[in-house]
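> Can you keep this structure in mind? I'll have questions shortly.
Throughout, read-outs are computed from the coordinates displayed, never taken from laboratory work. Bear in mind the structure is a predicted one, so any value in this text is a computation, not a measurement. Cβ atoms come from the backbone with ideal geometry, glycine included; neighbour counts cover every protein chain shown.
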Amino acid sequence: MATAPAEAEVKATVVRYLASKNVPPTQAWLRDFMPSIRLNTPMVALQKTALFRILSTDLTVAVQPPSPNALFPANVASPEVKDRKLNGQITVQVLDIEDIGHSCWSQVENLEAIERGEMTKGREVIRVVDDELNTDQNRTPANNPSISSGPHKLLIQDAKGTKAFAFESEFVTGIGVSQLSIGGKLVLNDALVARGVIMLDRRAVEVLGGKVEAWDKKWRADRKESLKRKAGVTDGAGGGT
Amino acid sequence: MVTKVLCVAEKPSIAKAVANHLAGGQVTVRNVTGNQYLKNYCFHYNFPTWGPCDVNMTSVFGHLQSHDFADQYRYWKSCDPSQLFEARIETSVDESNKPVAKNIETQARYSSILYIWTDCDREGEHIGAEIRDVAVRSNPRLGERGKTVRARFSNIERAHIINAARSPVPLDEAQANAVSSRIELDLRTGASFTRNLTMSLQGMLPQQGDGQKSQVISYGSCQFPTLGFVVERYFRVRNFVPEQFWSIKVMHEKNGIKVNFRWARNHLFDRMVVVVLFERCLAAKKAKVDKVQTKPTSKWKPLPLTTVELQKCGSRFLRMDSHRVMQVAESLYTKGWISYPRTETDQFDRGMNLQALVQKQTQSRTWGQFAQGLMNGGFAQPRDGRNNDKAHPPIHPVNFVEQTALSAEEAKVYEFVARRFLACCSQDAKGSKTEIGISYGPETFNASGLTVLERNYLDVYPYDRWTSSQELPQFRAGEEFEPTEARIQDGKTSPPGYLTEPELIALMDANGIGTDATMAEHINKIKERKYVDTRPRGRRPRQDDNDDEASDYEAPAEHEAEPARGRGRGRGRGRGAAGRGSAAANGRNSGTSGVQEFIPTTLGVALIEGYDNMGFEISLAKPFLRKEMELKMKAICEGRKTRHEVTQETIEQYREVYMRTQQRMQVLKDSVRRYVTNQA
């Protein structure tokens, strides 16, 4: 009969695994995590559980950067610096994401159409009709309005809480208003910063995913109002439907 | 003994035309007492099926029978409106139709064959069944198999009619049943909701002037979703919030030509990001040509003409509303100039002799030469669209007629149908497109140039535009240059326009509201009911550079608006009443257009908002219920469902909505108070 591995051994394996994913845990996080697991669970399942849990936790509490290089320089967001490279890998979490390829108001309209149930199967209302008269063969079909096509601007934060804006400079799978959650984790890789804005291209970012449930829920609940504010809607105007 | 055949057409003009084609001039015309427009055309004809026959050709005036609730339910206050979902419906012949029915009964008595010549669509099939019901009352043998037949035809051209006369087919009971079901549902849902709405809201509305009766607030299962589209757009326009955006413009002058490059990102709504990217472009100093590609391109010729397309084009290019266009087209069909104008089909049958039809158009002084060009080798088979209703071909000219022989409106519609047909039989326009892609720092920019090489169909179809752009100078891939100018430009999003008629038709079509044949009627209904007003779309300011316009909204095709145009008159499908061309100003079709836009009245807004605010799963202001009903009609036609099943199912759905409406009537009243009586 196989005996359950010693707790220290399990802990070491979990830490090694998380470190390999660029989310080395803090002692505090481990203190919470270890009592919640059964030591005889297969290691692969334990690793998956650990990764899932740490991605769902606030990065500033859960992740212990292995070296100062895995953090933003203090003045990362400074517009004074024309450009610089952030060497190595830096794990960050997403605090905000917006589609800057589309006006805020058009996004409000899409949200309202979804609220009215127009995207539900069987209840669709077709609002955009491709007109035969104006169609030439070079036109591309309209996108699904519930998926943001970007490009996106993100507010991200490293493990010590330093914040910076990031711009999706080329299409990156996994970055999108509905695909990426608030509190979701990204790993930057030799990323470039221009005037304090981090450029995200496919080479410079890996999407780990995850979310901090409470943050994400609040963000989604407030999204329409915050888009309206950004569009410049003052009280009483707009959004009467 | 010579066989007697009774032929019945849907309207007098068709009876007359068909009789003359079959009889070859040897026709005796007899009047019918009680209706001065009704005639019996008597002649001899040798049908291959029955040999030499005595033929009596007459007509009805559209639907023969009417349907209404039994007496105890007929008066507004006689019952609770919800009882109308199951109240007994009586079928009768209206006073005005009594002489018509009597004529059929009398003639049927001596006939051994009843030959139906109603229009070949669902309504026509149902009218055929009504005619048979009346005929069988006096001559039960006509109810036997093979004794009642119908003609299949899609235009009133002589050879086509003679061919149809020789190949009778049975009446399509399924289609007639679908219409019966639709009539019953429209009556029950229309009457119950209309009575309920009117009785609940009437007292709140301002009395109309001159002591007139207070307004009826009618409900129709197509009208409401149609109105819903208008109201939805109205609010989008009203609520719109303009936003600023920024773009990077790059211009390079080469060989004396200024080339504007478009930013691949078009524009962004974040100034900081644009400024950062722009700085990185400037820092790169030089732009590099990544791609130079010249390839053939073409502008496709239009698809064969369907009813929906005709209606959209009518509003857009002919300055006629859809209702009017259909009346005029109906009249051109009745006179034998164009094919049946109610069709969903956008593909020509391979067996059709299209060149013979093109040949007829060579007589025209305006487009005859183009038609001749097609005859001399320019002909190409039309494109196939995706729809085929298996009943009628696309709308096309069947005979040539001089413009001067037609009224102004008829001439415009005929010209459009003829030009569209010739365009379909022509070649796509051909051109060559050059695309130049450059990278400038981290960003990419593009320029493109079009050279039209062969206009082809465009020569006969001025409604489409495709023109060469400025010529581009030579660029080589790998070439580097310092752009002459690079700058950030800002702009603002602009609101969409109010809904135009072509847009509304397209939305109804896409959402399954009404059939191609009835859409114009529903649009007309919401105008009649004063739920919407129309006005010509005003000129909208255009910016010099298209790139500056917001891409958030599909810009409508029209560029400028014209003053008001003739309004359609009359009701229903225009059956029996051929459209009369009124003398409207007849402008040349230049491709520019004037188009009407719809603005809901306060009552229209109140109704839609009220229903939407009730918060039901299924809103009457939305297309789902009606769309489902249209699909069920199709199911009856295809034999997948019975009339009874469909009627029951649909009644239950509407009854449920009715009950919930009743419970939440206060919401609707609040909405009327808010928008109409301003007592919010």
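> Order of A:89-99, A:22-32, B:423-433 by packing, highest average Cβ count within 10 Å first?
Highest-to-lowest ranking by the protection proxy: A:89-99, B:423-433, A:22-32.
> Straight-line reach from B:K291: which aspartates and glutamates have a Cα under 15 Å away, not including same-chain ones fewer than 8 places off?
The qualifying aspartates and glutamates are B:E435, B:E443, B:E479, B:E480.
> Using 11 Å as the cut-off for backbone N distance, which residues of the stretch B:1-43 belong to the label zone defined by a point 7 Å from the Cα of B:N399 along Cα→Cβ?
It comes to B:17-18, B:20-21, nothing else.
> Which of the peptides B:411-420, A:172-181 is most tightly packed, and how do the rest follow, judged by the mean count of other Cβ atoms within 10 Å per residue?
Taking the mean over residues of other Cβ atoms within 10 Å, the ranking is B:411-420, A:172-181.
> For B:R150, what residues show an amide H to amide H distance below 5 Å, using hydrogens built from the backbone and excluding near sequence neighbours?
Answer set, sorted by chain and number: B:I116, B:V169, B:L171.
> Separate question: Averaged across B:271-278, how many Cβ atoms of other chains sit within 10 Å of each residue's Cβ atom?
5
> Which FRET efficiency value, to the nearest 0.05, do you get for B:T642 and B:D54 by plugging their Cβ-Cβ distance into 1/(1 + (r/R0)^6) with R0 = 35 Å?
In this case the efficiency is close to 0.35.
> Oh, and also: Calculate the dipole size of the stretch A:4-55 relative to its Cα centre from +1 charges on Lys and Arg beta carbons and -1 charges on Asp and Glu beta carbons; express the result in debye to the nearest 20.
Dipole size: approximately 140 debye.
> Mind checking A:104-111 for the average number of partner chain beta-carbons within 10 Å of each residue's beta-carbon?
The shielding value for this peptide is 4.
> Name the residue farthest towards the positive end of the dipole of chain B from the options B:Q65, B:F278, B:L625, assuming +1 on Cβ of Lys and Arg, -1 on Cβ of Asp and Glu, about the Cα centre.
B:Q65
> Please give the Cα centre distance for the stretch B:419-495 versus the stretch A:33-52, rounded to the nearest Å.
Between the Cα centre of the stretch B:419-495 and that of the stretch A:33-52, the gap is 60 Å.
> ³J(HN,Hα) across the stretch B:479-494 via Karplus (A = 6.51, B = -1.76, C = 1.60, θ = phi - 60°), whole Hz, x for Gly/Pro?
5, 10, 8, 9, x, 4, 8, 9, 7, 9, 10, 10, x, 10, 6, 10
> Would you compute the Debye intensity of the stretch B:1-141 from its alpha-carbon atoms alone, equal scatterers and no solvent, and pass along log10 I(q)/I(0) at q = 0.09, 0.12, 0.16 Å⁻¹ to two decimals?
Result of the Debye calculation: -0.33, -0.53, -0.82.
> Towards the positive end of the charge dipole of chain B, with charges on Cβ (+1 Lys, Arg; -1 Asp, Glu), say which of B:Q36, B:P536, B:T602 has the farthest Cα.
Farthest towards the positive end: B:Q36.
> As a test of the formula, what do you get for chain A when each DSSP H run with n ≥ 4 contributes -39,500 (n - 2.57) and the sum is divided by the residue count, at 222 nm and rounded to the nearest 500 deg cm²/dmol?
-9000 deg cm²/dmol
> While we're looking at this one, here's another question. Could you pull out which residues in the stretch B:397-428 have an amide N less than 15 Å from a spot 7 Å beyond the Cα of B:A159, following the Cα-Cβ vector?
B:397-400
> Any idea what the relative contact order of chain B is, in percent, if you count C-alpha pairs under 8 Å spaced at least 6 apart?
Computed value for chain B: 16 percent relative contact order.
> Picking from A:S103, A:I114, A:A191, whose Cα lies most toward the positive end of the charge dipole for the stretch A:69-231 (charges on Cβ: Lys, Arg +1; Asp, Glu -1)?
Final value for the positive-end residue is A:A191.
> Given H placed 1.01 Å from N in the peptide plane, which residues other than close sequence neighbours of A:Q64 have an amide H under 5 Å from its amide H?
The answer is A:T26.
> By how many degrees, between 0 and 90 and to the nearest 10, does the Cα long axis of helix B:602-613 differ from the longest principal axis of chain B?
Its long axis makes an angle of about 90 degrees.
> Expressed as a whole number of Å, what is the distance separating the alpha-carbon centroids of the stretch B:357-396 and the stretch B:239-255?
Cα centroid to Cα centroid, the span is 44 Å.
> Summarise the partner chain shielding of B:241-247 as one whole number: the mean count of Cβ atoms from other chains within 10 Å of each residue's Cβ.
Across the residues of B:241-247, the mean count of other-chain Cβ atoms within 10 Å is 5.
> Amide H neighbours of A:S56 under 5 Å, at least 5 residues apart or on other chains, H built in the peptide plane: list them.
Those qualifying (amide H under 5 Å, at least 5 residues apart or on another chain) are A:K211.
> Can you compute the modelled spin-label distance between A:S226 and B:E649, with each label point 7 Å from Cα toward Cβ, in nm?
It is 4.5 nm.
> Here is a follow-up. Straight distance only, please: which lysines reach the Cα of A:K160 with their own Cα at less than 22 Å, same-chain residues fewer than 8 apart left out?
Qualifying lysines at Cα under 22 Å: A:K21, A:K85, A:K185, A:K211.
> How far is the Cα center of the stretch B:315-348 from the Cα center of the stretch B:14-80, in Å?
About 24 Å separates the Cα centre of the stretch B:315-348 from the one of the stretch B:14-80.
> Using the beta-carbon distance between B:D186 and A:T234 and R0 = 41 Å, what value does 1/(1 + (r/R0)^6) give for FRET efficiency, to the nearest 0.05?
0.35
> Starting at the first residue of the stretch A:167-173, write each ³J(HN,Hα) from the Karplus equation 6.51 cos²θ - 1.76 cosθ + 1.60 with θ = phi - 60°, in whole Hz, x for Gly and Pro.
10, 6, 7, 9, 4, 10, 4
> Another question, then. Using the crude model of +1 on Lys and Arg Cβ and -1 on Asp and Glu Cβ, and no other charge, please compute the dipole size for the protein assembly as shown relative to its Cα centre, in debye to 20.
For the protein assembly as shown, the charge dipole is close to 880 debye.
> Right, here's the next one. For a protection proxy built on the mean count of beta-carbon atoms within 10 angstrom, sort B:301-308, A:33-40 highest first, please.
Those peptides, ordered most packed to least, come out B:301-308, A:33-40.
> Cut-off 20 Å, label point 7 angstrom out along Cα-to-Cβ of B:E482: give me the residues of the stretch B:244-261 whose amide nitrogen falls inside.
B:249-261
> Would you mind calculating the relative contact order of the stretch A:4-55 from Cα pairs under 8 angstrom and at least 6 residues apart, reporting the percent as a whole number?
48
> Using +1 on the beta carbon of Lys and Arg, -1 on that of Asp and Glu, and nothing else charged, what's the dipole of the stretch B:3-171 about the Cα centre, debye to 20?
That gives a dipole near 720 debye.
> Give me the number: length gained by fully extending B:D490 to B:M375, i.e. 0.36 nm times residue separation minus the C-alpha to C-alpha distance, one decimal in nm.
36.1 nm
> Could you work out [θ]222 nm for chain B from helices alone, using -39500 (n - 2.57) per DSSP H run of at least four and dividing by all its residues? Round to the nearest 500 deg cm²/dmol.
Calculated mean residue ellipticity at 222 nm is -11500 deg cm²/dmol.
> Let me ask something else about it. Read phi for every residue in the stretch B:70-86 and hand back ³J(HN,Hα) as whole Hz from Karplus 6.51 cos²θ - 1.76 cosθ + 1.60, θ = phi - 60°, with x for Gly and Pro.
The phi angles translate into 4, 3, 5, 10, 6, 8, 3, 9, 6, 7, 5, x, 5, 5, 5, 5, 10 Hz.
> If you fit an axis through the alpha-carbon atoms of helix A:213-231 and take the longest principal axis of the Cα set of chain A, what angle between them do you get, 0 to 90°, nearest 10?
30
> Still on this structure, please answer the following. Determine the relative contact order of the stretch B:307-424: mean sequence separation of Cα pairs under 8 Å and six or more apart, normalised by residue count, in whole percent.
Worked out over the stretch B:307-424, it gives 33 percent.
> On to the next question. Subtract the Cα-Cα distance of B:Y37 and B:A356 from 0.36 nm times their separation in residues, and report this length gain in nm to one decimal.
The B:Y37-B:A356 span can extend by a further 111.3 nm.
> Helix B:173-201 against the longest principal axis of chain B: what's the angle in degrees, Cα atoms only, rounded to the nearest 10?
80
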